[in-house]
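As structure tokens, the structure follows; a few thoughts come after it.
The values are calculated or read from the model by the stated rules, or taken from the named source; none is laboratory data. No experiment lies behind these values; they were computed from the predicted model shown. FYI the Cβ positions are ideal-geometry reconstructions off the backbone, even for glycines, and counts take in every protein chain you see.
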Amino acid sequence: MALIAMEKVEERRRLPALLPKAEWVVLGLLVIFVAGLSFAPLLRLAITAIAPAGVIDLGHVAELLWKKKVLTASTNTLVVALLSTLLAMVLGTVAAALTVLTDMRFKTAWVFAFVLPLMIPPQVTALAWVQAFSPSSPVLGLLGLSLHDGGRHPLYSPGGIILLLGFYHAPLVFLTVRAALRRLPAELVEAARAAGATSWPLIFTIILPLARAGLFAGAALAFVSSISNFGIQAMLGIPARYPTLITLIYQQMNSYGPSALADMAVLALLLSILTIVGVAISGWLGQRGDVRVDGIGRSLEIRLGRWRPIVEAVSWLFIVLTMALPLSALVATSVVTGFGQELSWKTLTLVNYANALVHQASIRNAFLTSLLLTSITVAILMIVSLFMAYFIVWKRGPLVRVLHLFSELTYALPGIILAVAMILFFLRPLPVLGFSIYGTVWIILAAYLSSFLALALRPVLGGFAQIDRAMEEAAQVAGAGFLARMRDVIIPLVAPAAVAGGVMVFMSALNEIQVSILLVSSNVRTIGPMVVFLEEGGSSTLAAAVGCLMIAAVLILMLAATCFSRYLPKGVLPWQN
Amino acid sequence: MADIVISDLSKMYGGKRVLDRVAMHIVDGEFIAVLGPSGCGKTTLLRLLAGFETPDEGTIQLGDRIVSSREANVPPEKRNIGIVFQNYALWPHMSVADNVGYALKIAGASTQERLQRSRDALAVVGMENLAERAPSDLSGGQRQRVALARCLAAKPSVMLLDEPLANLDVHLRAAMENEFVRFHRHTGATMVYITHDQSEAMALADRIAVIDRGRLVQFDRPRDLYREPQSEMVARFIGNGQVLPVQDVRPDADAAIVSIFGKDHRVRARRSEQVRSSARLSVHTSAMRLAQPGEDGFAGKVERVIYRGNHSQVDFLVTAEPDLQLTLHAPADVAIPSDDTIQVCISDGWVIPAAA
Ligand SMILES: Nc1ncnc2c1ncn2[C@@H]1O[C@H](COP(=O)(O)OP(=O)(O)O)[C@@H](O)[C@H]1O
Ligand SMILES: [Mg+2]
């Protein structure tokens, strides 16, 4: 009893005694940041959903959820998310096994090509596929193939959505399974070989079970990303009249505006619960029978022998079909004046690019808005994450854990949910300033800061874990206060990690669609949703040009980051083998 | 005057008492070693002294100011202490000179003063030629010296060193031990030197604080620790000491007659030693030898003989107490077959005082 009491006193007392003033101020600012941008909006969302009129009204919730439209959308969401996750698991695992375990050649190039789609905004991917497999496809036409005209586009279907989501998220599974496979000690495999297992049984009985935790971690990511992937669901699902929860929320908000907010809050809550349950289940599956394997993984090589050329051919064919073909269709469409026009030297034109960059003010402004928003977001988040990681890794404590949890939560939740929460929270005028930021660029900035904090934070957490705490303590005994230590010792040491986080945020935020789709207004538009608007408005060629520009921006960023990769912590650039 | 007075200092981690009512008075300018097996709480004591942790009970007084107590804790940056970290903790992004001059920069010293004092500090450790190097270009011993210079340049009133030699090779250690002694003489700073290596502590310190499972068991000069251990733990820990059970303690002036396996010996004991039926005797290997022919000793059965060049190490089991293994050093030229029975004489010993 006495011991317990003493422990409690210690817990309470330790932080205040150790934290001088500047640290308190910074921690306070971080709390305000997370509370204002994550906690309060999400709380507002939950309250609005459960108690729209101030009192808890579950009857209303049940009634709303029981509507046929909502039931259908929920079922559809689950169907596409689950099936596409399965597809992603299969593809990602095969890819990881091939690149880690076998003696396949040209792995670096293949890994780059396989992971690249993850960097391309999903609405652009969807657009590329739609154009590649439409009856008037420029690429199929060139290849002498054509889909017979009439009827619906083959991808405007649940199958199309599942296929594209599966392809799109396979790299997520690939990355986690690859990490797990790389940790496998070669001795384990050698022991199994000695016990008489040949290559194929070996893979299924030893290696994959051991990589299970990685597989389910990847599955959780793929599931969450599928549920919240607005780009693909909207581009294919809306023409297919196959509503999912996020397209339903989008369409309702479009039709009814803020008056639909209360009902949308309920849907958003439902979607959050689906997300969290999905993550929890796959976490549980991954943990069950989790085998802790220690030891340094020596790379292990299964010789493919005479199968090698065939395996290589098939894996490159996969890249051609899932990436090269759609992307070349996109490029081809972007350089003709009308969709379906034959591509030749005569029809080749850059007029779409000129329109996108110069003539059409709305597109040009959207590009500039996105660039500006993204730059501000990156700058703020790099600073916030440096300080927040300091507290998370080195100071710990319950308050700090809550901050971390909320940063992860707003990242994991579908962007559209965050958008609904932001609208609910920021619709009313701000307390001191007296005006509302709804409909302005600032609400998008607030949503970006909330949504991408975790992305900026992760590499920095890794960076802090890698440096010795004694570095800071040495500065402390030299007399340096908190801010001086941060400036002189800690930030120089973790700066590369913060830059890596900044790069990831930049690439994600520049072209993102799910957060801003509900927040853009006629005055303020970001570039991400522009593709959807243009395609909906029938300007396919202009949409293709904008898509190509977005991809070009991503490629330039990737190239720049790769050039600096030797200054970055290992493993932060996902496309590197 | 910067005496350090530690009173009744306790620290808990998760209900476990890692330091248990430690009290000591360190005089200004002393070189103190804190010695104890790994995990006994040495680093915790250092972190309390530095101000990185707050005590659960007790206080630390630096000069005339209480710097640590349950209620208030002067933060490390306000204590004017210096630390040489076990892994040196040199800042990799700063040159040697910048590392050494950092504390002065923080204190707002002029560039000229900073350069001068950094150069002086580097000169003390013989590193003035490497001032512009990056820490990553230095060898282990050189990094150690830079860490010392960094500590020195700040002119702290107390220097804390946490196992500073643990990461160096054996031959470098001897050189650095000399360096520390010279350094201490040169600076006159109070030094608290943490180590688990008793020979290091014996070689360097004015006084040694032996810690066992969070308690301060003895705080004495090296010679007193060696000759007059106050507990069995200290007796075993210092100088490869051995402990024997003895009977019939009969005090005799500043010595005592005790019965060692049935034979009476005259050994050292404290003045206040009482008549006791049994006690433990601290004996060093050097005080145990093979009996000359005809000399009276106790019998032992040889377990193992290891040739050590200038002597042979003989491990044997005491015949009267077959679970007790002892070690003596015999002249290297005497052949002792295993399983042989030998007679052993004890020339010096110390009766470990009864636990208070
Ligand atoms: N921050 C901490 N939290 C919990 N236990 C700790 C912490 N620091 C040290 N300990 C425990 O306190 C004991 C003493 O540790 P330490 O002072 O580092 O020992 P030494 O330096 O003598 O090897 C060990 O059992 C260690 O596990
Ligand atoms: Mg230690």
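Of note:
- Members of region B:97-130 that are more than 30 Å from the chain's Cα centre (by Cα) and among the aliphatic types (A, V, I, L, M): B:Ala97, B:Leu104, B:Ile106, B:Ala107, B:Ala109, B:Leu115, B:Leu130
- Residue match in region A:213-234 (condition: more than 23 Å from A:Tyr411 (Cβ to Cβ) and modelled with pLDDT under 90): no
- Meets criteria (in the same structural domain as B:Arg47 (by TED's automatic domain parsing) and either basic (Lys, Arg) or within 16 Å of ligand 2 (Cβ to nearest atom) (or both)) for B:Ala209: yes
- Counted residues, region B:91-115 - those being crowded, with 24+ Cβ neighbours inside 10 Å, of a type outside the set (Phe, Trp, Tyr) and out of contact with any Gly (no Cβ under 6 Å at 6 or more places or on another chain): 4
Quick grid of which residues meet (1) out of contact with any Lys or Arg (no Cβ under 8 Å at 6 or more places or on another chain); (2) surrounded by 15 or more Cβ atoms within 10 Å (Cβ to Cβ):
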residue: A:Gly54; (1), (2): yes, no
residue: A:Leu64; (1), (2): yes, yes
residue: A:Ala73; (1), (2): yes, yes
residue: A:Ala96; (1), (2): no, yes
residue: A:Phe106; (1), (2): yes, no
residue: A:Ala109; (1), (2): yes, no
residue: A:Trp129; (1), (2): yes, yes
residue: A:Ala132; (1), (2): yes, yes
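- Residue that is outside the structural domain of B:Ala332 (by TED's automatic domain parsing) and farther than 17 Å from B:Leu326 by Cα, where the choices are B:Arg223, B:Arg276: B:Arg223
- Residue count for region A:487-514, restricted to those that are crowded, with 21+ Cβ neighbours inside 10 Å and within 7 Å of chain B (Cβ to nearest Cβ): 1.
- Scanning region A:460-486 for residues that are among the polar types (S, T, N, Q) and either in contact with a Cys (Cβ under 7 Å, 6 or more places away or on another chain) or facing another protein chain (nearest Cβ under 7 Å) (or both) returns a single hit, A:Gln476.
- Filtering B:Thr54, B:Thr44 for residues that are part of a helix (DSSP H, G or I) and under 25 Å from the mean Cα position of the chain (by Cα) leaves a single hit, B:Thr44.
- Search result, residues across region B:35-60 that are near ligand 2 (Cβ under 10 Å from one of its atoms), buried (at least 21 other Cβ atoms within 10 Å of the Cβ) and of a type in the set (Gly, Ala, Ser): B:Gly36, B:Gly41
- With respect to being in the same structural domain as B:Asp137 (by TED's automatic domain parsing), under 24 Å from B:Arg213 (Cβ atoms) and within 16 Å of ligand 1 (Cβ to nearest atom), B:Val84 falls outside the description.
- Just one of the listed residues (B:Arg79, B:Arg21, B:Arg17) is away from ligand 2 (no atom under 16 Å from the Cβ) and touching a helix residue (DSSP H, G or I) at 6+ places or on another chain (Cβ under 8 Å), and it is B:Arg79.
- Where a residue in region B:60-87 is under 21 Å from B:Leu161 (Cα atoms) and more than 8 Å from chain A (Cβ to nearest Cβ) and its partner, wherever it lies, is of a type in the set (Gly, Ala, Ser) and assigned to a strand (DSSP E or B), with Cβ under 7 Å and at least six apart: B:Ile60/B:Ser68
- Taking the criterion of being free of Cβ contacts under 8 Å to residues at least 40 places away in the same chain and either within 14 Å of chain A (Cβ to nearest Cβ) or part of a loop (DSSP other than H, G, I, E, B) (or both), the residues of region B:11-26 that qualify are B:Tyr13, B:Gly14, B:Gly15, B:Lys16.
- One residue from B:Asn178, B:Asn240, B:Asn167 being out of contact with any Leu (no Cβ under 7 Å at 6 or more places or on another chain), of a type in the set (S, T, N, Q) and within 16 Å of ligand 1 (Cβ to nearest atom): B:Asn167
- Residue check, B:Ile106 in contact with an Asp or Glu (Cβ under 9 Å, 6 or more places away or on another chain), away from ligand 1 (no atom under 16 Å from the Cβ) and facing another protein chain (nearest Cβ under 8 Å): yes
Residues are listed down the side, and each one gets a yes or a no for (1) within 12 Å of chain A (Cβ to nearest Cβ); (2) among the charged types (D, E, K, R):
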position	(1), (2)
B:Ala50	yes, no
B:Thr54	yes, no
B:Glu57	yes, yes
B:Asp98	yes, yes
B:Gly101	yes, no
B:Thr111	no, no
B:Leu115	no, no
B:Asp120	no, yes
B:Glu128	no, yes
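- So B:Glu163, is it at pLDDT 85 or above and either aromatic (Phe, Trp, Tyr) or in contact with a strand residue (DSSP E or B) (Cβ under 7 Å, 6 or more places away or on another chain) (or both): yes
- Failed criterion for A:Thr377 (all others in (1) over 30 Å from A:Leu27 (Cβ atoms); (2) surrounded by 15 or more Cβ atoms within 10 Å (Cβ to Cβ); (3) modelled with pLDDT of 85 or more hold): (1)
- Whenever a residue of region B:163-183 is among the basic types (Lys, Arg), its partners that are part of a loop (DSSP other than H, G, I, E, B) and surrounded by 15 or more Cβ atoms within 10 Å (Cβ to Cβ), lying with C-beta atoms within less than 6 angstrom and at least six residues away or across chains, give the pairs B:Arg173/B:Leu165.
- Condition check for B:Ile66: crowded, with 20+ Cβ neighbours inside 10 Å and either under 23 Å from the mean Cα position of the chain (by Cα) or more than 13 Å from ligand 2 (Cβ to nearest atom) (or both): no
- Checking every residue in region B:110-122 against the condition of being touching a residue at least 12 places away in the same chain (Cβ under 8 Å), under 30 Å from A:Lys21 (Cα atoms) and among the basic types (Lys, Arg) gives at least one match.
- No other residue among B:Ala50, B:Ala89 is in contact with a Pro (Cβ under 8 Å, 6 or more places away or on another chain) and more than 12 Å from ligand 1 (Cβ to nearest atom) apart from B:Ala50.
- In region B:140-160, the residues that are within 11 Å of chain A (Cβ to nearest Cβ) reach residues that are of a type in the set (Lys, Arg) with C-beta atoms within less than 6 angstrom, at least six apart or across chains, in these pairs: B:Ala153/B:Arg117.
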